[in-house]
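A quick write-up on the structure given underneath.
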Amino acid sequence: MDNNRAQWSSKLGFILAAAGSAIGLGNIWKFPGRAFEGGGGSFLLIYLFIVIFLGMPLMLTELSLGRASQTNIVGTFKKLGHRGYSWVGWLGAAGAFFITCYYSHVGGWVLRYVFSYALEPAEIYQNPLGYFYNMLGLHPDGTTSIPWTALLFAAAFLFLNAIIIIRGVEGGIEKFNKIGMPALFLLLLILLVRSITLPGAGEGVRYMLTLDLEKVSINTFFSALGQAFYSLSIGMAILITYGSYLSKEEDLPRNTALICGMDTLVAFLAGFIIVPAVFATLGRGEIGKGGGFAFVSLAGVFEGMPGGSLFGVLFYLLLLFAALTSCISLIESVVAFLTEQFGWKRKWTTIVLCLVMFLIGCLYTCTQAAVPLKGIWFDGVNGITYPPLCDFMEYLTDRLIIPLCALGCCIFVGWVWKPESVIAEIEQNGIRFRLAKVYTVLIRFIAPAAILAILLLSFISGVTLS
Ligand code: PFF
């Protein structure tokens, strides 16, 4: 069976696909908001530390696990002779499943905005926040309704995903990334220049560069940890699947550094585009009221640009690409697991899975405003709380399942499969892993201790769910 597994057709293909999985809505839709809440510069610094000391070793670990076992996320642990750790794979598969449910819906909103900027930019400019809320079913007069348009676009987005996935890894994902990723990067650079030169944006830039230690709490670490892992697509065992398609000639540490570097660069770029734009357009008082910074505050950037709505269309198209490549990686990982584990047919598995994800995701879109369903959360200070279901879905995956799965990977590799096995997997075909000793200390001691401490402390000291 192993010989029949797909492989990336080129080196660039893999890097772009893995970067494509990492770079997505997390970088542009989530990161700027988190960076703002976390105090700007202080958050950026903590985030950077987490990427370097926890994110990079974990990414390397997942890629090596996948390449060594050449199989899916649950099969990996069995194949390496440690069936007892399959729960880590199951946790990853469950996380990937739940993330896709809401991720695909936000992807649908992005698709909606491509059309919005093409057809009715003036309506967005007139009231960016109102336009966004209206799409989600909250109307200017305070009434609410089922957001049919948003749901329809989410269905279309998932349909696009299904088509690409059914065509297979090489046919779809690879071709897709080669143009989309560099184009997105270029456009971000243009938007950066526009955003930081808007009148009033300077305060935002300063905010993003200032280390305000008063704003730092254990919650900042918790938020940065969840965000970094989410953004790098780790702790979800997805890179195990991607690594399993990788040839033995690849230099894994170099690829890891490249992917983490690109992902962080895009996140920081988005932060420096969106936060200053929020300062320039909404004014400080309004900040933090609306989620969806990426949908609302960018309107001010496009409005003030010559040919702005065209840039708007282009931006949301590229964001759509980025969201698609990430969403594909999420679905692909669950599909690879289900087809290999249970012998199901790829096509039907994909179709049924997308359908179920769409339906669960409807709860996410509808609980933004129209339907008052709640989730449940617990922490040591606030006790039991009932956040809106949409927030609950995000926090469950970003802040609980992902760190737990990452912790499982650290413990498995650090203490059971052993770092030496990872190092042996990396050092094939004459490749030297210079940081092998540092890696061993990080994956055995520092990473598991840090993840566990952040998880426990944040639950004991109270988690802000907003
Ligand atoms: N990393 C993607 C993003 O930042 O948008 C989202 C994602 C993809 C999260 C794959 C987790 C994952 F396993």
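The values are calculated or read from the model by the stated rules, or taken from the named source; none is laboratory data. As the structure is a computational prediction, the values presented were derived from the model and not from experiment. For neighbour counting, all protein chains shown are included, and Cβ atoms are generated from backbone atoms with ideal geometry for every residue, glycine included. To get the accessible areas, we keep the full protein, side chains included, count just its heavy atoms, and leave off ligands, DNA and RNA. Shrake-Rupley method; radii C 1.70, N 1.55, O 1.52, S 1.80 Å.
On the basis of being touching a Leu at 6+ places or on another chain (Cβ under 6 Å) and crowded, with 24+ Cβ neighbours inside 10 Å, does residue 336 make the cut? For residue 336, the condition - touching a Leu at 6+ places or on another chain (Cβ under 6 Å) and crowded, with 24+ Cβ neighbours inside 10 Å - is not met. With the condition kept exactly as written, say whether any residue in the stretch 235-250 is modelled with pLDDT of 85 or more, hydroxyl-bearing (Ser, Thr, Tyr) and closer than 20 Å to residue 322 by Cα. There is no residue in the stretch 235-250 that is modelled with pLDDT of 85 or more, hydroxyl-bearing (Ser, Thr, Tyr) and closer than 20 Å to residue 322 by Cα. When 396, 353, 320, 330 are checked against the criterion of being open to solvent by 10 Å² or more (accessible area, probe 1.4 Å), out of contact with any strand residue (DSSP E or B) (no Cβ under 6 Å at 6 or more places or on another chain) and under 28 Å from residue 131 (Cα atoms), a single residue qualifies: 320.
Selection of first residues in the stretch 296-315 that are at positive phi and of second residues that are outside any helix (DSSP H, G or I), restricted to Cβ pairs under 7 Å at least 6 apart or on distinct chains, gives an empty result.
Each row is one residue, and each column tells you yes or no for (1) more than 16 Å from the ligand (Cβ to nearest atom); (2) open to solvent by 10 Å² or more (accessible area, probe 1.4 Å); (3) closer than 21 Å to residue 230 by Cα; (4) not in a helix (DSSP H, G or I).
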| residue | (1), (2), (3), (4) |
| --- | --- |
| 63 | no, no, yes, no |
| 81 | yes, yes, no, yes |
| 89 | no, no, yes, no |
| 106 | no, no, yes, no |
| 123 | yes, yes, no, no |
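Considering each of 6, 22, 18 in turn, give the residue that is modelled with pLDDT under 90 and within 13 Å of the ligand (Cβ to nearest atom). Lay out the reasoning, then the answer.
Working: 6 fails: within 13 Å of the ligand (Cβ to nearest atom); 22 fails: modelled with pLDDT under 90.
Result: 18 is the single residue among 6, 22, 18 that is modelled with pLDDT under 90 and within 13 Å of the ligand (Cβ to nearest atom).
Residues in the stretch 409-424 include at least one that is touching a residue at least 40 places away in the same chain (Cβ under 8 Å) and within 30 Å of residue 375 (Cα to Cα).
So how many residues does the stretch 402-424 have that are farther than 18 Å from residue 218 by Cβ, open to solvent by 20 Å² or more (accessible area, probe 1.4 Å) and not aromatic (Phe, Trp, Tyr)? So the answer is 7.
Of all residues in the stretch 37-53, exactly one satisfies the criterion of being modelled with pLDDT under 90 and open to solvent by 20 Å² or more (accessible area, probe 1.4 Å), namely 37.
For every residue, the table says whether it meets (1) in contact with a His (Cβ under 9 Å, 6 or more places away or on another chain); (2) within 16 Å of the ligand (Cβ to nearest atom); (3) within 30 Å of residue 407 (Cα to Cα); (4) among the small types (Gly, Ala, Ser).
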site: 182; (1), (2), (3), (4): no, no, no, no
site: 202; (1), (2), (3), (4): no, no, no, yes
site: 206; (1), (2), (3), (4): no, no, no, no
site: 216; (1), (2), (3), (4): no, no, yes, no
site: 221; (1), (2), (3), (4): no, no, yes, no
site: 253; (1), (2), (3), (4): no, no, yes, no
site: 262; (1), (2), (3), (4): no, yes, yes, no
site: 266; (1), (2), (3), (4): no, yes, yes, no
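Taking first residues from the stretch 16-29 that are among the aromatic types (Phe, Trp, Tyr) and partners that are near the ligand (Cβ under 8 Å from one of its atoms) and modelled with pLDDT of 85 or more, the Cβ contacts under 9 Å between residues at least 6 apart in sequence or on separate chains come to 29/323.
Just one of the listed residues (339, 349, 367) is free of Cβ contacts under 8 Å to residues at least 60 places away in the same chain, under 17 Å from residue 108 (Cβ atoms) and more than 16 Å from the ligand (Cβ to nearest atom), namely 367.
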